[in-house]
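Quick notes on the structure that follows.
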Amino acid sequence: MMGPLLALDPGAGLVVAVAGLLYLGGVRRLHPRWPTRRSIAFAAGLAVVALATQSGLAGAEADRFSVHTVQHVLLGMVAPALLALGAPVTLALQAASRPTQIVLLRVLHRAPLRVLTHPVTAWVIFGGSLVVLYFTPLLELSLTDEAVHAVVHLQFLATGGLFSWTAIGVDPGGWRLPHGARLLFVVLAVPVHAIVGLAVMGASAPLAASYGTGAAALADQRVGGGILWATGDLFGVILSGVVLAQWMAYEDRVGRRHDRLLDATPPR
């Protein structure tokens, strides 16, 4: 059964509150130039993080694998995509003072961050983290150790954020892929959740002893594997749609710019 409606996590709550206040401060400095749709996307992302960490989902995650996978999807896919659409790095660069802007730009172009945000690195981390979590003792450890549990939640957000940041491409970074390459980047990631989900569904024993060892635990694990498979495919489709929409808007802007240049050119 689902636990209580609230299962407060002070650490996660503090992160959500601080992120929200910092973002709001930047928006107030740029108002009314900052797009409202960006603010809505970022606020929705924070709301998803709060839902995953402060509700009954967090309370029941340690008891049912299927609930854990729902929380995983929210923290590792839904929230990062919405936060990336909020363009927090762009907001920080536009709202900050000149010295702070220089520091941020230097950090963005440092070699370690360029390696970490390379599309191949982002893809490997996004897919590899799933394998490490579900097919090593890390899952059981995260259910029995509060510190590891918090790190795993942070890892969900970080790896999902790295992937979404690269795919959506709104914020500046060391690597800015053209739209076609970003679409391919997303499409190649779609099978990852399907493969992991199928492997989880096909496992002959529960992945973590904390979830139990009986038939009910195994059945719930199969449900969780199905959730990973289905939501991974859906996430890929939606993210592909976002990239396609961005691509079409870009081509439309280029076309209108070209038309204006032609109109401004005097006839010979």
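The values are calculated or read from the model by the stated rules, or taken from the named source; none is laboratory data. If you're wondering where the values come from, they're calculated on a predicted model, not measured in any experiment. Positions of Cβ are backbone-derived with ideal geometry, glycine not excepted, and every protein chain shown enters the neighbour counts.
Could you check Leu177 against (1) assigned to a helix (DSSP H, G or I); (2) touching a residue at least 12 places away in the same chain (Cβ under 8 Å) and say which number it fails?
Failed condition: (1).
Show me the helices (runs of 4 or more DSSP H) entirely contained within region 1-95 in which 1 or more residues are of a type in the set (Phe, Trp, Tyr), buried (at least 19 other Cβ atoms within 10 Å of the Cβ) and touching a residue at least 40 places away in the same chain (Cβ under 8 Å).
10-30, 36-54, 65-73
Restricting the search to region 213-238, which residues are farther than 16 Å from Ala194 by Cα and part of a helix (DSSP H, G or I)?
Matches in region 213-238: Ala215, Ala216, Ala217, Leu218, Ala219, Asp220.
Out of region 96-110, which residues are assigned to a helix (DSSP H, G or I) and either over 14 Å from Gly173 (Cα atoms) or among the aliphatic types (A, V, I, L, M) (or both)?
Arg98, Pro99, Thr100, Ile102, Val103, Leu104, Leu105, Val107, Leu108, listed by residue number.
Take the residues in region 123-144 that are within 17 Å of Phe163 (Cα to Cα) and in contact (Cβ under 8 Å) with a residue 60 or more places away in the chain, then tell me which one is surrounded by the fewest Cβ atoms within 10 Å (Cβ to Cβ).
Val131
Can you tell me how many residues within region 109-128 are within 19 Å of the chain's Cα centre (by Cα) and of a type in the set (D, E, K, R)?
Summing the residues that are within 19 Å of the chain's Cα centre (by Cα) and of a type in the set (D, E, K, R) in region 109-128 gives 1.
What do you reckon, is Arg110 basic (Lys, Arg), surrounded by fewer than 17 Cβ atoms within 10 Å (Cβ to Cβ) and touching a Phe, Trp or Tyr at 6+ places or on another chain (Cβ under 9 Å)?
No; evaluated as a whole, the condition is false for this residue.
Residue-by-condition table, conditions (1) touching a helix residue (DSSP H, G or I) at 6+ places or on another chain (Cβ under 8 Å); (2) more than 21 Å from Val73 (Cα to Cα):
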residue	(1), (2)
Leu93	yes, yes
Ile102	no, yes
Arg106	no, yes
Val115	yes, yes
Val124	no, no
Leu130	yes, no
Phe135	yes, no
Val148	yes, no
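For the structure I just gave you, tell me whether Trp175 is modelled with pLDDT under 95, among the hydrophobic types (A, V, I, L, M, F, W, C), surrounded by 20 or more Cβ atoms within 10 Å (Cβ to Cβ) and under 23 Å from the mean Cα position of the chain (by Cα).
No: the conditions fail for Trp175.
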